[in-house]
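Q: Would you mind keeping the following structure in view while I ask a few things?
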Amino acid sequence: DTAVSQTPKYLVTQMGNDKSIKCEQNLGHDTMYWYKQDSKKFLKIMFSYNNKELIINETVPNRFSPKSPDKAHLNLHINSLELGDSAVYFCASSQATGYYEQYFGPGTRLTVT
Amino acid sequence: GDSVTQMEGPVTLSEEACLTINCTYTATGYPSLFWYVQYPGEGLQLLLKATKADDKGSNKGFEATYRKETTSFHLEKGSVQVSDSAVYFCALSEAFTGNQFYFGTGTSLTVIP
């Protein structure tokens, strides 16, 4: 009965590869997010979707492409992985945009070698 | 633009000591303010929130008061436990900037027995 789940939990890959991270929420929320957390714990929002529509698209390389097939899922595809992409990626969801609590997934630790 | 500034860590305290983690914010309008906690190896989870000036959020012995005059939302606990060891994030969200969440840089707390 996990609220926000992500797969995989760990991802080790080589530079230049393409990989995807999947996220699912079973809370019935309308809004979903992707965050990147670096080694110093700094958290940066990457994307936000509301009812499957992209509403926040921060300055992120074009190699990162989110896809929301339905309100419960938000996947992140990364092309041509680089060393600097190594980080923990968190998916989150909230009832709607604004003042609502965000529920975070457990994170995906991506290591690019 | 909107931003959140937290005191730098890491913070190390003995069990039963008092905790204060400072947080100040810059916002255009009237934001809601949040404290999130991240335990080792996990995603963030909401600790407490306040949606208007002079509101006090509280949970698990932690408190924070929304002070508009000083643009602050300091996190306090009277007696910390080893289980409180985690990274704490201050955050804000306001409708004026599209309800985007702005997180502080996080403050690492270690409580020693």
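The values are calculated or read from the model by the stated rules, or taken from the named source; none is laboratory data. Note that this is a predicted model, so its numbers are computed, not measured. Here the Cβ positions follow ideal geometry from the backbone for every residue, glycine too, while neighbour counts run over all protein chains shown. Note: areas computed on protein heavy atoms with side chains; ligands, DNA, RNA excluded. Shrake-Rupley method; radii C 1.70, N 1.55, O 1.52, S 1.80 Å.
Q: Can you name the number of the only condition in (1) without any contact (Cβ under 8 Å) to a residue 12 or more places away in the chain; (2) over 19 Å from B:T105 (Cβ atoms); (3) surrounded by 13 or more Cβ atoms within 10 Å (Cβ to Cβ) that B:G43 fails?
A: Status for B:G43: all satisfied but (2).
Q: Now for a separate question. Yes or no: A:K41 within 14 Å of chain B (Cβ to nearest Cβ), surrounded by 14 or more Cβ atoms within 10 Å (Cβ to Cβ) and in contact with a helix residue (DSSP H, G or I) (Cβ under 9 Å, 6 or more places away or on another chain)? Break it down stepwise before answering.
A: Details: within 14 Å of chain B (Cβ to nearest Cβ): yes; surrounded by 14 or more Cβ atoms within 10 Å (Cβ to Cβ): yes; in contact with a helix residue (DSSP H, G or I) (Cβ under 9 Å, 6 or more places away or on another chain): no.
Judged against the criteria, A:K41 is not a match.
Q: Give me a count of the residues in the stretch A:3-19 that are more than 11 Å from chain B (Cβ to nearest Cβ) and either closer than 14 Å to A:P69 by Cα or in a loop (DSSP other than H, G, I, E, B) (or both).
A: Result for the stretch A:3-19: 6.
Q: Return the residue satisfying two criteria in turn: it lies in the stretch B:46-58 and is within 14 Å of chain A (Cβ to nearest Cβ) and either of a type in the set (S, T, Y) or surrounded by 13 or more Cβ atoms within 10 Å (Cβ to Cβ) (or both), and of such residues it is farthest from A:Y35 (Cα to Cα).
A: That would be B:D55.
Q: Taking B:G61 and the conditions (1) in contact (Cβ under 8 Å) with a residue 24 or more places away in the chain; (2) away from chain A (no Cβ under 14 Å); (3) open to solvent by less than 60 Å² (accessible area, probe 1.4 Å); (4) in contact with a Ser or Thr (Cβ under 8 Å, 6 or more places away or on another chain), which numbered condition does it fall short on, given that it satisfies the others?
A: (1)
Q: If you don't mind, there's one more thing I want to ask. Tell me, which strands (runs of 3 or more DSSP E) lie completely within the stretch A:55-113 with 2 or more residues that are over 13 Å from A:V12 (Cα atoms) and within 14 Å of another protein chain (Cβ to nearest Cβ)? Break it down stepwise before answering.
A: Values: elements: A:64-70, A:73-78, A:87-94, A:108-112.
Output list reads A:87-94.
Q: Next question. Filter the stretch B:22-35 for residues that are out of contact with any Lys or Arg (no Cβ under 9 Å at 6 or more places or on another chain) and surrounded by 13 or more Cβ atoms within 10 Å (Cβ to Cβ) and give the result. Before the answer, list the steps.
A: First, the residues of the stretch B:22-35 that are out of contact with any Lys or Arg (no Cβ under 9 Å at 6 or more places or on another chain): B:22-29, B:31.
Answer for the stretch B:22-35, where residues must be out of contact with any Lys or Arg (no Cβ under 9 Å at 6 or more places or on another chain) and surrounded by 13 or more Cβ atoms within 10 Å (Cβ to Cβ): B:N22, B:C23, B:T24, B:Y25, B:T26, B:A27, B:P31.
Q: Restricting to the stretch A:44-53, count the residues that are closer than 24 Å to A:V112 by Cβ and open to solvent by less than 50 Å² (accessible area, probe 1.4 Å).
A: Here is the first cut: in the stretch A:44-53, the ones closer than 24 Å to A:V112 by Cβ are A:44-47.
After this cut, where a residue has to be open to solvent by less than 50 Å² (accessible area, probe 1.4 Å) as well, the list is A:45-47.
Residues that pass the stated criteria total 3.
Q: For B:L109, are the conditions met, namely being open to solvent by less than 70 Å² (accessible area, probe 1.4 Å), aliphatic (A, V, I, L, M) and under 13 Å from the mean Cα position of the chain (by Cα)?
A: For B:L109, the condition - open to solvent by less than 70 Å² (accessible area, probe 1.4 Å), aliphatic (A, V, I, L, M) and under 13 Å from the mean Cα position of the chain (by Cα) - is met.
Q: Shifting gears a bit: Return the only residue of B:V4, B:V87 being open to solvent by less than 30 Å² (accessible area, probe 1.4 Å), closer than 30 Å to A:T7 by Cβ and either out of contact with any Ser or Thr (no Cβ under 6 Å at 6 or more places or on another chain) or part of a strand (DSSP E or B) (or both).
A: B:V87
Q: Return the pairs, sorted by first residue and then second, in which the second residue is among the acidic types (D, E), the first residue lies in the stretch A:41-62 and is free of Cβ contacts under 8 Å to residues at least 60 places away in the same chain, the beta carbons are less than 6 Å apart, and the residues are 6+ apart or on different chains.
A: The qualifying pairs are A:I45/A:E58; A:M46/A:E58; A:N50/A:D30; A:N51/A:D30.
Here's the yes/no breakdown for (1) under 24 Å from B:Q6 (Cα atoms); (2) surrounded by fewer than 19 Cβ atoms within 10 Å (Cβ to Cβ):
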position: A:S5; (1), (2): no, yes
position: A:S20; (1), (2): no, yes
position: A:Q25; (1), (2): no, no
position: A:I55; (1), (2): no, yes
position: A:E58; (1), (2): yes, yes
position: A:L74; (1), (2): no, no
position: A:S80; (1), (2): no, yes
position: A:S86; (1), (2): no, yes
position: A:F104; (1), (2): yes, no
